[in-house]
Amino acid sequence: MDEEVTLRPCDLADVDDLYEYASDDKVSAWCRWDTYTNKEDLLNYMKTCMIPHPWMRVICYRGRPVGSISVTPYTGADRCRAELGYVLASQYWGKGIATKAVKLTLETVFKDLKDLERVEALVDVENFGSQKVLEKSGFTKDGVLRRFSIHKGMVRDRILYSFISTDPLV
Amino acid sequence: MNDDLRTLVSYIIYCYSHNHRPNQFIIYQLSEMNHDEKHQKPKTPTITLRKFTLSDVDAFMSWAADPRVTRFQRRDPYSDPADALAYITTHILPHPWYRAICIDNTPVGSISVKPAPGEDRHRASIGYRLAYDYWGKGIATEALKLTIKAAFEELDHLERLEAIADVDNPASQRVLEKAGFKEEGILRKYVRLKGETRDMVMFSFLLSDAV
């Protein structure tokens, strides 16, 4: 299974594959964005955000795009840290694909992004699937940040996870 | 002779003039109160919060030019009052919530509340600094308490106040705890400070904590 999960930069030609999960309510429920209803909007997002992004990869399973993963650095005095985000088509949940994608990311991102020392992830307290992905990838739970962020109009508690450049890859 | 000692003496005189045996427990209580009076920590001076004006620049330099105060800040100490004046003009005066911590209307420090960027307007972070000569008197704690109350009253939709303190800054951590903040965790390698990446302790105070 391991060899079947690969990461590569995003290409505009990926729009059809990405649209399959971007238009899925089950997937967008945990994401900051709302379900896409047309490919033009998604293409626009790919052009303006995914392709110029400092660190963004498409997650491929057996060569086919099934999700994406990104590490977004902060700026200035906060440039030592970056936020991890990932999304996976729902029919591929529960197979360890996201965990493999996170592990592949941690292997290279500290070399790819200058100044980076800390990768962090904010996960909803009720998103148990994502919590497991991070724990299996070697992240440490820093703590619960109460009433931290607004998600789909609701204020939510979030768990903050971190992986430091010197932490062991698992 | 203070009031408690006066009360103690009056009680003893009363007992003997009325042929009562003094109640040992009452004697003990009154003498303890007298003892506490003498050994109490100095009271925190009365502090107020107000907006800055340009004429506060000299007072501002009393902490902003001091390396002991700027040790855990991103900026280096100011050496030129002109730079301080520029900072007051471009950063402090237009800031959404920035106050001078005053004793007798003279600023001895500052405290600010900065709403989170983007859509998370329910969340804001607090920062504060105090002139070195005023440390250890409970002033920062008092300023925090006043700020918590004012921030939740004045800032619409605010639900979460947060603050971070360097792991090597226990004085600031204690100030936050005394003001009622709850520690949420240690954030490793969180921020760059003067050429070093630092671990920080995250604290929060929620609107629901205020009851």
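The values are calculated or read from the model by the stated rules, or taken from the named source; none is laboratory data. All values reported here derive from a predicted model rather than from experimental measurement. Cβ placement follows ideal geometry from the backbone for every residue including glycine, while neighbour counts extend to all protein chains displayed.
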Exercise. Identify the residue in the stretch A:140-168 that is at positive phi and among the small types (G, A, S) and, among all such residues, is modelled with the lowest pLDDT.
Key: A:G153
Self-check item: Evaluation of B:L193 against (1) of a type in the set (A, V, I, L, M); (2) modelled with pLDDT under 95; (3) touching a Gly at 6+ places or on another chain (Cβ under 9 Å) (one fails), failing number
Solution: (3)
Quiz item: Can you spot a residue in the stretch A:129-139 that is more than 16 Å from the chain's Cα centre (by Cα), of a type in the set (K, R) and at pLDDT 95 or above?
Solution: no
Quiz item: If you go through the stretch A:94-108 one residue at a time, how many are crowded, with 21+ Cβ neighbours inside 10 Å and either at positive phi or not basic (K, R) (or both)?
Solution: 5
Quiz item: Tally time: how many residues in the stretch B:110-124 are within 12 Å of another protein chain (Cβ to nearest Cβ) and under 11 Å from B:L158 (Cα atoms)?
Solution: 6
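Every residue, every condition in (1) touching a residue at least 12 places away in the same chain (Cβ under 8 Å); (2) surrounded by fewer than 16 Cβ atoms within 10 Å (Cβ to Cβ); (3) touching a strand residue (DSSP E or B) at 6+ places or on another chain (Cβ under 9 Å); (4) under 23 Å from A:K100 (Cβ atoms), yes or no:
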position: A:E3; (1), (2), (3), (4): no, yes, no, yes
position: A:R8; (1), (2), (3), (4): yes, yes, yes, yes
position: A:D11; (1), (2), (3), (4): yes, yes, yes, yes
position: A:D17; (1), (2), (3), (4): yes, no, yes, yes
position: A:V27; (1), (2), (3), (4): yes, no, yes, yes
position: A:Y36; (1), (2), (3), (4): yes, no, no, no
position: A:D41; (1), (2), (3), (4): no, yes, no, no
position: A:K47; (1), (2), (3), (4): yes, yes, no, no
position: A:P52; (1), (2), (3), (4): no, yes, no, no
Quiz item: Only one residue in B:A163, B:A140 is away from every other protein chain (no Cβ under 11 Å), in contact with a Ser or Thr (Cβ under 7 Å, 6 or more places away or on another chain) and crowded, with 21+ Cβ neighbours inside 10 Å. Which one?
Solution: B:A163
Quiz prompt | Filtered residues of the stretch A:151-162 (kept if within 7 Å of another protein chain (Cβ to nearest Cβ) and among the hydroxyl-bearing types (S, T, Y)) | solution = A:S162
Quiz item: If you take the residues of the stretch A:117-150 that are among the aliphatic types (A, V, I, L, M) and crowded, with 20+ Cβ neighbours inside 10 Å, which of them is farthest from the other protein chains (Cβ to nearest Cβ)?
Solution: A:V133
Quiz item: Can you tell me which residues in the stretch B:166-207 are more than 8 Å from every other protein chain (Cβ to nearest Cβ) and hydroxyl-bearing (S, T, Y)?
Solution: B:S172
Practice problem: Would you check which residues across the stretch B:166-189 are assigned to a strand (DSSP E or B) and surrounded by fewer than 14 Cβ atoms within 10 Å (Cβ to Cβ) and list them? | Solution: B:K182
Quiz prompt | Which numbered condition B:L8 fails, given (1) outside any loop (DSSP other than H, G, I, E, B); (2) within 31 Å of the chain's Cα centre (by Cα); (3) modelled with pLDDT under 95; (4) surrounded by 15 or more Cβ atoms within 10 Å (Cβ to Cβ) | solution = (2)
Quiz prompt | From the options A:S162, A:S90, residue that is surrounded by fewer than 20 Cβ atoms within 10 Å (Cβ to Cβ) and touching a residue at least 40 places away in the same chain (Cβ under 8 Å) | solution = A:S90
Quiz item: How many residues are under 26 Å from A:K136 (Cβ atoms) and either aliphatic (A, V, I, L, M) or not in a strand (DSSP E or B) (or both) if we restrict to the stretch A:51-95?
Solution: 24
Quiz prompt | Members of the stretch A:68-116 found to be closer than 21 Å to A:I159 by Cβ, within 14 Å of chain B (Cβ to nearest Cβ) and of a type in the set (G, A, S), listed by number | solution = A:A82
Self-check item: Output for the stretch B:88-127, where each listed residue is under 16 Å from the mean Cα position of the chain (by Cα) and without any contact (Cβ under 8 Å) to a residue 40 or more places away in the chain
Solution: B:S112, B:S125, B:I126, B:G127
Self-check item: Segments classed as helices (runs of 4 or more DSSP H), wholly inside the stretch B:39-150, with at least 3 members that are of a type in the set (V, I, T) and over 24 Å from B:D168 (Cα atoms)
Solution: none
